[in-house]
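Right, one structure below, let's go through it.
Throughout, read-outs are computed from the coordinates displayed, never taken from laboratory work. What you see is a predicted model, and the numbers here were worked out from it, not measured in a lab. Here the Cβ positions follow ideal geometry from the backbone for every residue, glycine too, while neighbour counts run over all protein chains shown.
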Amino acid sequence: MARGKTPFYTATGDQGWTGLLGEVRVPKDHPQIEALGALDEASAVLGLARNTASHPDIPAILARVQQDLYHLMAEVAATPEQAATFRRIDLESVAWLEEQIHRYAPDLPRLTGFILPGETLSSGFLALARTVVRRAERRVFTLMRLGLFRNPEGARYLNRLSSLCFVLELLELQAAGKMPTSVGASRDDQA
């Protein structure tokens, strides 16, 4: 079988290098690539949560978040000189996340400690997404410290997104009629 061009791979990264937007090649373990990987993982897990959600509002919220993450990935993938061309995450994006948190948080149970993830499939995916988003946030802060990313709203967006993931996890538990299992709670508290 002849090896021609295919839309599924380029073979240009076989030596451990990959391209950024702006015609720059960097090692595959470059901080920008690490941040891109974490953002991509977050979107993938959010997609799983979106497709297993019980609460009817969650799929639309997560679809918008996934679109925002693709915009953020484009900005992270750009050279610092090109990044502004791709910037879509701004104060309004962060405010939208805060609105979602404030919309649902008042009706959720008050927690006294950490909860164990995984009471339902979707709540487990949301817990996993929260942890991946936190990792992406750390990677973006590394880029900011190195001068490779200059949009503080992008980092702020990820911080709010991790909070929203937790709120949606609790919302999913509520929709499923489950109480979160608290770490360190007595068996009587969990009945």
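At 0.36 nm per residue, and after removing the present C-alpha to C-alpha distance, how many nm does the segment from ARG103 to ARG87 gain when stretched out fully?
Taking ARG103 through ARG87 to full extension adds about 3.1 nm, to one decimal.
Length gained on full extension, ALA60 to ALA95: 10.9 nm, using 0.36 nm per residue less the C-alpha separation.
Highest-first packing order for the peptide set 79-86, 31-38 is 31-38, 79-86, based on the mean count of other beta carbon atoms within 10 Å.
Extending 7 Å from the Cα toward the beta-carbon at both ARG110 and GLN15 defines two label points whose distance is 6.2 nm.
Going by C-beta contacts inside 10 Å, put SER163, SER43 in order with the fewest on the left.
The fewest-first ordering by Cβ neighbours comes to SER163, SER43.
For the stretch 41-132, the square roots a ≥ b ≥ c of the C-alpha gyration tensor eigenvalues yield an a/c of 1.5 or more together with a/b exceeding b/c, which makes the shape prolate.
Put the Cα centre of the stretch 108-185 next to the Cα centre of the stretch 81-105 and the gap is 16 Å.
The amide H of ILE115, built 1.01 Å from its N in the peptide plane, has VAL183 as neighbours under 5 Å, considering only residues 5 or more places off or on other chains.
Given the options GLY118, GLY22, GLY47, state which has the largest fluctuation in a GNM of the chain using a 10 Å cut-off (strictly under) for Cα springs. In the Gaussian network model the winner is GLY22. Applying the criteria of a DSSP loop state and at most 15 other Cβ atoms within 10 Å to the trypsin sites (Lys or Arg not before Pro) of the stretch 97-170 yields ARG110, ARG150. Membrane-span-like helices in the chain, defined purely by DSSP H runs whose alpha carbon atoms cover 24 Å or more axially and whose average Kyte-Doolittle hydropathy reaches -0.5, are 31-52, 58-77, 121-145, 152-175.
Debye-formula intensities of the chain, expressed as log10 I(q)/I(0) at q = 0.17 Å⁻¹, are -1.06 (one equal scatterer per alpha-carbon, no solvent). The fewest-to-most ranking of TYR104, TYR9 by surrounding Cβ atoms within 10 Å reads TYR9, TYR104. When PHE8, PHE166 are sorted by how many other C-beta atoms sit within 10 angstrom of their C-beta, beginning with the fewest, the order is PHE8, PHE166.
At full extension, MET144 and TYR70 could sit 24.8 nm farther apart than now, given 0.36 nm per residue minus the alpha carbon distance.
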